[in-house]
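The values are calculated or read from the model by the stated rules, or taken from the named source; none is laboratory data. Because the structure is predicted, anything quoted here is derived from the model rather than measured. Note that we place each Cβ from the backbone using ideal geometry, even for glycine, and neighbour counts take in every protein chain shown.
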Amino acid sequence: MAALVVRPSGPLEGSVTVSGAKNSVLKLLAATVLAPGRYRLHNVPDIADVAWMSDLLVAMGMQTSRPSPGELVVDAPDELVPEAPYELVEKMRASIVVLGPLLARFGRARVSLPGGDDFGSRPIDMHLEALRTLGASIELAHGFVEARADRLRGARIGLDFPSVGATENAMMAAVLAEGTTVIDNAAREPEIVDLAAFLNRMGAVVRFAGSSTIEIDGVRELHPVEHTLIPDRIETATYLAAVGIAGGEITIAGARPDHMDLLVHKLGQMGMRISPCNEGLWAMAPRRLSAVDVSTLPYPGLATDYKPLLVAMLSVADGVAIVTENIFSGRFRYVDELVRMGADVRTDGHHAIVRGREWLSGAPVRAHDIRAGAAVVLAGLRAQGETTVTDAEHIDRGYERFVEKLRGLGADIERT
Ligand code: EPU
């Protein structure tokens, strides 16, 4: 079991380079089942989730390799086993996005049903409903989704909520369907735009029509491509939160501020100065931030993934803030860990009230998931004594060289 030990640090200074977006590469890898041949992806982070997604592709009959840092090559043969086994889906829920592309290409797919997780219940009803609308017959049996369709037919899909995963599954199914598909109330995160760019490069016809409608003209076949991933906006937010908590002045090389307008605005209200620069993004934070209320929403709203980072920042800011979670009902579990570190946070349903303290106090705590794990590590930068974060494997799922990057900014952190 990996643990990270963090001690009070700051002010942080220097430059950190952001890696490619985890939530983009996982979907692009799923899209490689749409056409045989060799794919070459650049700016791919070396993280556990990418390794697991590669394992899933290999289990289906593909080959993957890492010829150089940041590069991932996928060789897809003509025939694949269109199945995602329990052992792999259970490790990583995002593997459910192979359902749409497998069905579109092979006319059948068998994918294990993902279970719940630390965010609470995470249903896939909208994924299945979207595929049914495209003409798939879907059965749930023995813990698996079994989907069939001779050829999917384009249709109008209306999502009840702009779910990222359901939008992606529907897009990857529709690109090979007969006729035109319209997805209303679609998600529009930068990772969705990256997936659309990847699919279009493969020969698909995907258009953004208006703010939340995606139109797709189905084509007969697609071809493999080379593609460079967008930077990870949640990783960028993590280093912004680090400097927000510890104070200092840093540069985040490779960041795309245009993917995170609202967060930059919010952090500005808290007292940080952030601006685009040649390398990416420059940020400066005073010794202590001011509290502001935050509320999560689908993109372009404030991402739910930023929230644990914001709660960690608010727990050492000056003042009281109300934090509202509108995406995942159970996404406050890490608060108990922050409270063990002396944070004054009360949760009630979808809300948390955070009363900022000048200092937290170092304690043994757990990483419940990727972002919650990062948040408690960052809180440790402003906690007297030593904070030991166990179950740090969760952090490795989504962050490339997390400890090294933070140390590069002057943080006192080590892996044990
Ligand atoms: N939902 C349903 N039914 C569905 C699908 C979703 O009710 O069929 C609900 C969910 O329970 C949730 C809401 O809709 O309440 C939004 O879920 P969404 O489908 O958008 O999430 P996701 O696709 O499962 C992705 C990211 C998450 C990120 C959310 C933000 C990946 C691999 N994961 O999850 O990222 O928090 O979008 O909406 O892209 C992370 O990176 O650590 C992470 C958890």
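Determine, yes or no, whether LEU102 is over 20 Å from ARG397 (Cα atoms) and in contact with a Gly (Cβ under 9 Å, 6 or more places away or on another chain).
no
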Self-check item: 3 or more residues touching a Ser or Thr at 6+ places or on another chain (Cβ under 8 Å) and not small (Gly, Ala, Ser): qualifying helices (runs of 4 or more DSSP H) within region 58-162
Solution: 86-91
Self-check item: One residue from ALA166, ALA170 being buried (at least 22 other Cβ atoms within 10 Å of the Cβ), touching a helix residue (DSSP H, G or I) at 6+ places or on another chain (Cβ under 6 Å) and within 25 Å of TYR306 (Cα to Cα)
Solution: ALA166
Practice problem: Only one of these is out of contact with any helix residue (DSSP H, G or I) (no Cβ under 6 Å at 6 or more places or on another chain), more than 24 Å from ALA392 (Cα to Cα) and of a type in the set (Gly, Ala, Ser): GLY362, GLY342, GLY349, GLY330. Name it. | Solution: GLY349
Quiz item: Out of all the residues in region 87-106, which are modelled with pLDDT of 95 or more and away from the ligand (no atom under 14 Å from the Cβ)?
Solution: PRO101, LEU102, LEU103, ALA104, ARG105, PHE106
Practice problem: Taking only region 1-43 into account, find how many residues are over 20 Å from ALA372 (Cα atoms) and among the β-branched types (Val, Ile, Thr). | Solution: 5
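So that you can scan it fast, the table gives a plain yes or no per residue for (1) within 16 Å of the ligand (Cβ to nearest atom); (2) touching a helix residue (DSSP H, G or I) at 6+ places or on another chain (Cβ under 6 Å):
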site	(1), (2)
VAL81	no, no
ARG110	no, no
PRO114	yes, yes
LEU128	yes, no
THR133	yes, no
ARG151	no, no
LEU176	no, yes
VAL182	no, no
PRO190	yes, yes
Quiz item: So which strands (runs of 3 or more DSSP E) stay within region 194-306 end to end and still have 2 or more residues that are more than 25 Å from ALA317 (Cα to Cα)?
Solution: 205-208, 213-217, 226-228
